[in-house]
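Just so it is clear, none of the values below were taken in a lab; they were calculated from the coordinates. The shown structure was predicted, so the numbers you read here are calculated from the model rather than taken from an experiment. Backbone-built Cβ (ideal geometry, glycine too); neighbour counts: all protein chains shown.
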Amino acid sequence: MAAPIIELRGITKTYDDGFTALSNINMTIEPGKFYSLLGPSGSGKTTILRLIAGFTNATTGSILFEGQKINDLPANQRKVNTVFQNYALFPHLDVFDNVAFGLNLQKRPKAEIKKRVLDALKLVQLPGYANREISEISGGQQQRVAIARAIVNEPKVLLLDEPLSALDMKLRQDMQYELRELQQRLKITFIFVTHDQEEALAMSDEIFVVNDGKILQSGTPVDIYDEPINHFVANFIGESNILPGKMQADYQVEFVGKTFECADAGMKPNEKVEVVLRPEDLDVTTAEQGKLVVTVDTQLFRGDHFEIIGIDDDGNEWLIHSTNPVRGGKHIGLTFEPEDIHVMRFGEKEADF
Ligand code: ATP
């Protein structure tokens with residue numbers, strides 16, 4: 001593991017009005033990786049970013065940059081730059097002067113400013129746009145200008161606060177590729193705030209799932225998707241069927257009144273658990289051959305799959321993704337593999353790190 005570029009240790013943040021927005025935040029950020037802070041509105045993502053940027057102070061805890069405590073270092077002396085949600089471009093300046101703004105403030109030589117601004121515009125694929133007015137370029141291009149302005153200072157870390165939220169779906173997807181590609185080219189650390197789980201899964205090397213001022217889980221997108229630590233994460237990241245259950249033995253778990261073989265869950269017999277089954281891991285078969293039987297309630301065509309909602313005998317709703325539609329008969333069987341059953345400790349709220 002590379003030496004961390006940023007560390008947050010035991011950070012809490014209580015705002016002046018007494019509201020505690022963050023409690024005991026611990027994060028380790030390595031250089032050159034793409035991180036996402038993923039969580040619902042109001043969970044504390046922006047507050048974490050503002051602390052790293054130096055726009056607000058921590059109430060307790062330490063922020064370290066390359067091993068040095070920077071709690072008291074002013075924002076403009078941190079080797080960190082921010083791209084804001086609304087881009088915060090200056091409408092009265094053209095593209096060149098927007099990107100050059102920070103370098104002009106630092107009174108860098110004219111020739112150096114010109115070279116660095118044009119290089120930054122090239123990096124974000126806007127060569128030839130230097131003399132355009134901000135009002136003469138599209139939302140996606142404004143987004144790129146904001147990124148060019150942030151990278152022109154060659155920060156070691158780029159903080160991005162929901163930078164794609166103002167863009168329409170198609171452009172948003174294009175920009176996801178572009179940003180990921182840009183990060184890999186620049187090899188600087190990106191910390192990207194989003195409430196969109198698909199965006200976080202697609203772009204990140206690592207995700208921090210934030211809720212209610214706490215980090216619930218951190219890990220690679222695959223780890224978090226396959227092994228959510230609790231009900232909230234399982235529900236927030238992807239779609240899930242989540243059911244209460246009980247361990248029977250090391251490789252056996254009971255739910256919906258039946259016992260199923262599962263992978264090693266590392267839990268004791270009789271322990272109360274929650275079981276997660278992803279909709280795409282459920283295979284549709286005949287009622288006779290199913291491990292479970294459900295009655296089809298609705299079926300929707302979603303382009304690349306059919307989304308089926310089935311109800312079991314106990315009244316539980318099951319979400320199933322199937323490549324084929326269900327034809328004939330409302331009762332279907334569901335099968336799944338033991339390793340498709342993900343077992344979580346019941347009511348577990350936070351990661352223990
Ligand atoms: P969003 O996705 O909506 O931007 P977020 O996850 O980024 O949300 P934050 O902006 O970090 O959330 O806010 C976390 C909590 O702290 C919210 O409940 C918010 O109302 C509160 N908060 C933010 N700024 C202040 C402030 N200056 N004073 C008091 N409370 C604040």
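Placing +1 at every Lys and Arg Cβ and -1 at every Asp and Glu Cβ, with all other atoms neutral, what dipole size does the range 240-345 have around its Cα centre, in debye to the nearest 20?
Using only the charged Cβ atoms, the result is roughly 200 debye.
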In order over the range 210-222: 3J(HN,Hα) from phi, Karplus 6.51/-1.76/1.60, θ = phi - 60°, whole Hz, x for each Gly or Pro, gives 10, 8, 6, x, 10, 8, 7, 7, 9, x, 5, x, 5
Are there any chymotrypsin sites (Phe, Trp or Tyr not before Pro) in the range 54-94 that are in a DSSP loop and have at most 15 other Cβ atoms within 10 Å? List them by number.
Phe55
Per-residue HN-Hα couplings for the range 276-285, Karplus 6.51 cos²θ - 1.76 cosθ + 1.60 at θ = phi - 60°, whole Hz, x for Gly and Pro?
10, 10, 6, x, 7, 8, 8, 9, 8, 9
Distance in Å, no decimals, from the C-alpha centre of the range 184-214 to the one of the range 288-344 is 32 Å
Choice from His92, His321, His195 with maximal GNM fluctuation in the chain (Cα, 10 Å cutoff)
His92
By Cβ neighbour count within 10 Å, fewest first, Ile320, Ile134 rank Ile134, Ile320
Positive end of the charge dipole of the chain (Lys, Arg +1 and Asp, Glu -1 on Cβ, about the Cα centre): tell me which of Gln184, Leu277, Asn235 has its Cα farthest that way.
Gln184
About the Cα centre, and with charges only on the beta carbon of Lys, Arg (+1) and Asp, Glu (-1), how big is the dipole of the range 6-231? Nearest 20 debye, please.
1020 debye
What residue among Gly128, Asn316, Val222 has its Cα farthest toward the positive end of the dipole of the chain, where the charges are +1 on Lys, Arg and -1 on Asp, Glu, each on the Cβ?
Gly128
Order of 104-117, 168-181 by packing, highest average Cβ count within 10 Å first?
168-181, 104-117
Give me Ile242, Ile5 ranked fewest to most by other Cβ atoms within 10 Å of their Cβ, as a rough exposure proxy.
Ile242, Ile5
Quick note on Leu159, Leu164, ordering by fewest other C-beta atoms within 10 Å, gives Leu164, Leu159
Charge dipole of the range 94-180 built from unit charges on the beta carbon (Lys, Arg +1; Asp, Glu -1), centred at mean Cα; most positive-end Cα among Gly102, Pro163, Ile147 is Gly102
Who wins for biggest fluctuation among Lys268, Lys45, Lys79 in a Gaussian network model of the chain, springs between alpha carbons below 10 Å?
Lys268
Qualifying trypsin sites (Lys or Arg not before Pro) for the range 249-334 [loop in DSSP, other Cβ within 10 Å: at most 13]:
Arg302, Arg327, Lys330
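Of all DSSP beta bridges located in the chain, what percent are antiparallel, nearest 5?
Looking only at bridges with both residues in the chain, the antiparallel portion is about 75 percent.
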So for the chain, averaging the separation of alpha carbon pairs under 8 Å that are six or more residues apart and normalising by length, what relative contact order in percent results?
16 percent
Per-residue ³J(HN,Hα) for the range 28-36, Karplus 6.51 cos²θ - 1.76 cosθ + 1.60, θ = phi - 60°, Hz, x for Gly and Pro
10, 10, 8, x, x, 10, 9, 10, 10
